[in-house]
Structures are given as C-alpha cells and as structure tokens.
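Colleague: Once you've had a glance at the structure underneath, I'll fire off some questions.
The values are calculated or read from the model by the stated rules, or taken from the named source; none is laboratory data. No experiment lies behind these values; they were computed from the predicted model shown. Glycine gets a Cβ as well: all are built from the backbone with ideal geometry, and neighbour counts include every protein chain shown.
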Amino acid sequence: MEDQVILQISDFYKFFFVNPGLIFGYLNDFFEKKYNSMQYIEEIENGFLFVFKDFESFKFRAKPLIKSDLIEIKGNNNDQSNFFQKFFIPKEKFPKEGVKLEIKIISGDKLKIIPLLKNFIHSVSKNIKIEIDEEQNLYFKIQNFDDIKKYANSLMNRFYKTKI
C-alpha cells in the first residue's frame, strides 16, 4: 500500500465555500460507511484538506467526470438538488473576474498526482484555467458560475443517481 495523499485546497476569495461543515460531515460519513474511509475531508482556514488513505483511493476519486455526471437531475427532491449547490457561492455573488483556488500537495507523489488533478478539473470544464508554480502547487480559475453548477451536479449524480 502506498502512502497517504493529502491535498490542501485554499480559497483566495475567502467566501467561495459556504457551510463546508455541512457537506464535509455528510461526505465523511458516506466514505466511512460505503468505502472503508478511503477519504476524509477537514475544514481549515480559507479552505479544506482532502486526506486519501492511499494513492489508489485518490486515483479512484480523481477519475475524470463523464458528460452524464455533469447533467442536472430533473424532477428530483429539491432538498437533494440544492444540498451540494449550497456548498458553493450563490450565483448572485459570483465575482465577474471568476474565482481562483489553489491545490497544494501536502503528501504524495506530485508527478503522479498533478496529471490526475488536471484531467479531473478539465473534465468539469475545459474553460477552467490551470497554472502550476515551481513548487508544483496547482492554481485554477473558475471563470463562470455554470462550471460550479456542473461540479455540484456531478456530486449529486454520484451520490444520488449512480454508484461512485
């Protein structure tokens, strides 16, 4: 078994994530019960930590989304439909210049992790701009609210409609 993979996601806008404790509790409970704690999420100042028990767990969770993952589920319970969306900034507060996030690899093989992260992010939208600095930190800029909604839809599809 390979070592843990730990990623730190930081929010430069300090308001991009809304009520993270609500969704983190749900996701941590889900991963503990269904996937033998393959992943754990912890809130930190201006962001959160993703802790994967090993590289294979990270690879499984970072597999690129397919088109059907991004489609909004119609006719579903509104509480379920809105649950994942409530985690992100509302459309009316989305900045015109977009939002910038940082992923710092705290633990794990950066050369293996970065290509998987880039593929995953671009599977949400090719419009998301990605930069990598000399420390191998990954910065990505989400230009519009629709990309956030697609990602929220992918979470909903993975948890309510299909098997992960």
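Colleague: With the requirement that a residue be within 16 Å of SER107 (Cα to Cα), more than 13 Å from the chain's Cα centre (by Cα) and not in a helix (DSSP H, G or I), what does the stretch 53-69 give you?
Modeller: Across the stretch 53-69, the qualifying residues are LYS53, ASP54.
Colleague: Condition check: within 13 Å of the chain's Cα centre (by Cα), outside any loop (DSSP other than H, G, I, E, B) and either of a type in the set (Phe, Trp, Tyr) or at pLDDT 90 or above (or both). Does TYR160 satisfy that?
Modeller: Spelling it out, it is not the case that TYR160 is within 13 Å of the chain's Cα centre (by Cα), outside any loop (DSSP other than H, G, I, E, B) and either of a type in the set (Phe, Trp, Tyr) or at pLDDT 90 or above (or both).
Colleague: Those residues that are surrounded by 18 or more Cβ atoms within 10 Å (Cβ to Cβ) and under 14 Å from ILE105 (Cα atoms), I need them from the stretch 119-139; list them, please.
Modeller: Matches in the stretch 119-139: LEU138 only.
Colleague: Another question, if that's okay. Among the candidates ASP54, ASP29, ASP11, which residue alone is of a type in the set (Asp, Glu), over 20 Å from SER125 (Cβ atoms), at pLDDT below 85 and out of contact with any Ser or Thr (no Cβ under 7 Å at 6 or more places or on another chain)? Can you show your working first?
Modeller: Values: ASP54 fails: at pLDDT below 85; ASP11 fails: over 20 Å from SER125 (Cβ atoms).
Within the list ASP54, ASP29, ASP11, the selection yields ASP29.
Colleague: Quick check on the stretch 91-110: of everything there that is touching a residue at least 24 places away in the same chain (Cβ under 8 Å) and part of a loop (DSSP other than H, G, I, E, B), which residue is nearest to LYS141 (Cα to Cα)?
Modeller: GLY98
Colleague: If you don't mind, another one. Identify all residues within the stretch 69-106 that are basic (Lys, Arg) and either modelled with pLDDT under 75 or within 14 Å of PHE145 (Cα to Cα) (or both); write none if there are none.
Modeller: Pass one, the stretch 69-106, residues basic (Lys, Arg): 74, 86, 91, 93, 96, 100, 104.
Listed by number, the residues that qualify are LYS74, LYS86, LYS91, LYS93, LYS96, LYS100.
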